[in-house]
Amino acid sequence: MTPMQERPSRLRRIDWSSVAAAAPAVAVMCVCSALPLAWMAGALLLHPEVRRELALNSFRATLLGRTLGYNGAAAVLATMMGLPAAVVLGRGRGPVARALWVLLPAALLLPSLAYGYGWKQLARMGLPALQWLGETQFHLPLLGAFHLPIQIDFRPNGPADVFRCIWSLAAWLWAVPAGLIGLSLRRMDTGVQQQALLDGALWRVTLRQLAGPIIASLAVVTVLASQEFAVYEPTGISVVATEVRMVFDTGSISSADNSIAGPMVSGQGLQSSGQAARAAAAVATAAPMLLVTIALAVLAAWGARQVSAAESLEVGRWPRILDAPRWASITTLLLLILNVAVPVASLMASLRVAPDPIKMAQEFGPQISGAIFVAVIAALVATLAAFSSAGRWTRGLLTLTGASFLIGGQLLAIALIRLFNRPGLSFWAYDTAVLTIIAYVGRFGWIAFSTGRGTWSQPWRELREMAAVDGAGTLRVAVSVVWPLAWPTLLAGGVLVGALSLTEVPATVLLMPQNPQVLTPTMMTWVHAQRSDPMIEASLVMMAVVLVPALAAIALTAIGLRLTRRGLQRPG
Amino acid sequence: MPRLRMRRQMFGAAACVVLVLGVLLASGPYGCNRGIAADEVVVYCAVDEPYASQIFAEFEKQTGIRTTVQYDIESSKSVGLAGKLEAESEHPRADVWWGSEAFLSVRLGSEGALSPYKSPAAADILAQFKDADGLWTGTALRARVLAVSMKSPPPFPITGMGDLADPRLKNKVAMSRPTAGATGAHLATLYTVWGPEKAAAFCRDLHGNGIALLGGNAEVADQVGAGTYSLGLTDNDDVTNASANGGRLSMVVPDQDGPGTLAMPTSVALVKGSKHEQNAKKLIDFLVGKQVERKLIDLKFARWSVRGGEGEAIKAIEVDYHAAAKIYARAQREGEALLEGR
């Protein structure tokens, strides 16, 4: 056989159908996740100054401790608030539960920047209760006759200010534990629950079974809160996220004992530290937190496995005796009002000018349309990736895209800036929307891939095998069997990526998109003012804009679940 | 037949890859078209957005040239934006740099990020407020001022910088962290004018008096206006803003019977390698012109003119920008450490 004859047969052996199905997902993953991760690995391995800075000195330990302390507190608070809602989501079967499945995810998609500003407005309104708290000295009883005097300090960076930040994050993220724990509760065996109820041990048994999801919730909220800096930065609170940005932007850290950026600044007079040095210093600043994030991610994955372990469990007909108690529904509704309505109402009450849609359109129009444009393209890319991964799953997709999410928006942006800030790449990537889109898909692409991964569970595999028996190739199975059933869920994944892109802060602030410009960096310039009308107006506009894709994603998910359930029950 | 199917599948694979790349590239023209638009000028602007946006709107109205503006962020201030400009020096995005003070422009000029341009509109600007080689031109003077709370007023009349270290105001004084912006520039000036020993001793005294280091000058003015602190060191425009937003505070220009205060012109410069050089020059002519300076004074962003004889009189420290820029890094690092008591 001559080589000329051999080549076609080799080509024929390649399953081009599989390649066609997998290609978009792999391409998206490589460009948006693997590339920045490779830069990160290079920065850690190749720069001796970064490796040297990995030692945990007192400054780094304090910074890490403070970050974990504050964000861990936000996680505890969010989980505590999420528990009643989880009970309603897990055991409720009425309209309240149904409404919660819509309202909670929608609240989670509202921009953190706007949320934080809403709470700040409430704090500065001079409410009598807050004034009383600030002026009253409390006495904490200790041993015997000893009392510890406590005065709540409302000064910037003081205890009350820190609590405001923690509260803002908890009030924004409480939907995460509510959803995770609620989902687990919904999948718990009703027989076990009924038996526990008869034994008078329902709550004890429930809590024991929910230990995994609760731990996962704590880990997830801590990671998400640690990636946010916009809530802490305005009053000068120093956490890892604020310092990473400060080091990358200015070459120096904003707080004490700066062992990282100090050598870069010293003795350089007129010279500034270069971007490469600042990027390496930013990676070094983030490195200890990254290790903690990996540990938390493992913990969250273990907890999430507890949720998915019940995937194929037949819970049977719901016994009304297990319905969510009324106190849970009332508490959840009160929390919903507190966590969503209060910050929004605070924003509205602080607005000193009458909202003028024409003026707002003139002022924010180009940036809003820019943000929508970028979000739509990001959603399209993510949707394509979701459909592709549902057609042919490639090992490592979720791990790599998950990792590019876990490193956080700031490091992702720094990696992309360092990769694309070159003369040859500026015209088509650095100066355009491409870089921003890559950042958004790199950050949230894992959601789209998760929806794709969902179509590789056991019932779906059985369906695929049945189609394959009939002689259909990978692509044919995807086109004719999987996509017709899973399209709403896959599309919801893409829409969700778009919705999150609209309000993303950490990567956007570092990238400062220019063509088109988006609203977030401008909002970051206003957020420092105690009360700014443009900031309030922009916050309310962003909240309204993001609600559209958020509700669309929720509706698509609901349609998808119904379609999938029906399709998988009656294959063929 | 199998060959036909194989071809179809290969075509499908290629089409999918092209689709992904196509979607990404399709977003490029949105930027590319704007990037090369002849009627555009890109500005990196460290002057506060509420003021600068009005100036750019006026420029667009007068010339029809569209301005694309990148503003700085309060905490990292102009240093962050200047760092971006330096990092992009091989393929500059920006055409014009509008700094909130002059020290960074001196640095950018020395690093070769700026091009010389002597605007005809700057002929009447005093020599001390523009670079001799035309690398930058100053306009619209702001000043470092003391914000005095009317809600929690100091127990004595405020006159100068020394009042910040007065024990009667222990734990009631605030300033911005000197990491960047005007506060860093102020510290560098004190190191140059007073000498490092006296400036360091002053920082120690401030720490001893419990000075709070906040996230930005706007925050200082806001907190003084809210009565959290009695006295704060900040910029005149931040006092104006805080006052307009309901804060109860007044402004004292310090040391008018002594050496004067730091007066800072905003600085305008042409970026080296500008893609829209003609438009950039038109914008620079506009920005350094009398009308814009007047407008910035009317808007209460700036208080004084760089042309002399316009606006109120102010006693300002004479600054050697090059000397101050040289000591900037040391002053910033050492000053911050001393203010924090390290």
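Overview of values
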| quantity | calculated |
| --- | --- |
| Of the criteria (1) in contact with a Pro (Cβ under 8 Å, 6 or more places away or on another chain); (2) surrounded by fewer than 24 Cβ atoms within 10 Å (Cβ to Cβ), which one residue A:398 fails | (1) |
| Residues located in the range A:238-259, provided they are more than 8 Å from chain B (Cβ to nearest Cβ), part of a helix (DSSP H, G or I) and modelled with pLDDT under 85 | A:247 |
| Residue selected from the range B:23-82 under the condition over 13 Å from the mean Cα position of the chain (by Cα) and among the basic types (Lys, Arg), by the criterion modelled with the lowest pLDDT | B:34 |
| Filter result for the condition that a residue is surrounded by fewer than 24 Cβ atoms within 10 Å (Cβ to Cβ) and at pLDDT 95 or above, over B:193, B:148 | B:148 |
| Single residue of A:435, A:485 found to be out of contact with any Ser or Thr (no Cβ under 7 Å at 6 or more places or on another chain), in a helix (DSSP H, G or I) and buried (at least 18 other Cβ atoms within 10 Å of the Cβ) | A:435 |
| Residue count, the range B:150-178 (criterion: more than 22 Å from residue B:257 (Cα to Cα) and hydroxyl-bearing (Ser, Thr, Tyr)) | 2 |
| Any hit, the range A:319-326, residues being surrounded by 13 or more Cβ atoms within 10 Å (Cβ to Cβ) and closer than 30 Å to residue A:536 by Cα | no |
| Qualifying residue in the range A:411-431 (condition: in contact (Cβ under 8 Å) with a residue 12 or more places away in the chain, farther than 16 Å from residue A:248 by Cβ and not in a helix (DSSP H, G or I)) | yes |
| Out of B:265, B:254, sole residue that is modelled with pLDDT of 90 or more, under 20 Å from the mean Cα position of the chain (by Cα), of a type outside the set (Gly, Ala, Ser) and not in a helix (DSSP H, G or I) | B:265 |
| Yes/no for residue B:107 being among the basic types (Lys, Arg), within 7 Å of chain A (Cβ to nearest Cβ) and not in a helix (DSSP H, G or I) | no |
| Hits in the range A:354-383 - residues which are surrounded by fewer than 19 Cβ atoms within 10 Å (Cβ to Cβ), more than 10 Å from chain B (Cβ to nearest Cβ), of a type outside the set (A, V, I, L, M) and assigned to a helix (DSSP H, G or I) | A:357, A:359, A:365, A:369 |
| Whichever residue in the range B:224-236 is more than 12 Å from chain A (Cβ to nearest Cβ) and over 12 Å from residue B:173 (Cα atoms) and, among such residues, is surrounded by the most Cβ atoms within 10 Å (Cβ to Cβ) | B:235 |
| Candidates A:541, A:546, A:527 - the one that is surrounded by 22 or more Cβ atoms within 10 Å (Cβ to Cβ), farther than 17 Å from residue A:120 by Cα and in contact (Cβ under 8 Å) with a residue 24 or more places away in the chain | A:546 |
| Members of the range A:399-410 found to be over 24 Å from residue B:92 (Cα atoms) and part of a helix (DSSP H, G or I), listed by number | A:399, A:400, A:401, A:402, A:403, A:404, A:405, A:406, A:408, A:409 |
| Yes/no for residue B:333 being within 13 Å of chain A (Cβ to nearest Cβ) and without any contact (Cβ under 8 Å) to a residue 24 or more places away in the chain | yes |
| Residue in the range B:80-92 that is under 24 Å from residue A:359 (Cβ atoms) and polar (S, T, N, Q) present | no |
| Long-range neighbours under 8 Å by Cβ, at least six apart or interchain, first residue free of Cβ contacts under 8 Å to residues at least 60 places away in the same chain and facing chain A (nearest Cβ under 7 Å) within the range B:208-223, second assigned to a helix (DSSP H, G or I) and aliphatic (A, V, I, L, M) | B:214/B:220; B:222/B:242 |
| Evaluation of residue B:101 against (1) surrounded by 22 or more Cβ atoms within 10 Å (Cβ to Cβ); (2) acidic (Asp, Glu); (3) part of a helix (DSSP H, G or I) (one fails), failing number | (3) |
| The range B:268-302, residues that are basic (Lys, Arg), more than 15 Å from residue B:94 (Cβ to Cβ) and assigned to a loop (DSSP other than H, G, I, E, B) | B:300 |
| Scope the range A:384-424; condition facing another protein chain (nearest Cβ under 10 Å) and over 15 Å from residue A:510 (Cβ atoms); matching residues | A:384, A:385, A:387, A:388, A:391, A:422, A:423, A:424 |
| Tally of residues being touching a residue at least 24 places away in the same chain (Cβ under 8 Å) and either closer than 18 Å to residue A:86 by Cβ or in contact with a Lys or Arg (Cβ under 9 Å, 6 or more places away or on another chain) (or both) across the range A:329-342 | 9 |
| Search result, residues across the range A:16-33 that are touching a Ser or Thr at 6+ places or on another chain (Cβ under 8 Å), of a type in the set (Gly, Ala, Ser) and closer than 22 Å to residue A:416 by Cβ | A:25, A:33 |
| Qualifying residue in the range B:249-270 (condition: within 14 Å of another protein chain (Cβ to nearest Cβ) and either among the polar types (S, T, N, Q) or over 27 Å from residue B:108 (Cα atoms) (or both)) | yes |
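The values are calculated or read from the model by the stated rules, or taken from the named source; none is laboratory data. As the structure is a prediction and not an experimental result, all values here were calculated from the model. As a convention, Cβ positions derive from the backbone with ideal geometry for all residues, glycine included, and neighbour counts pool all protein chains shown.
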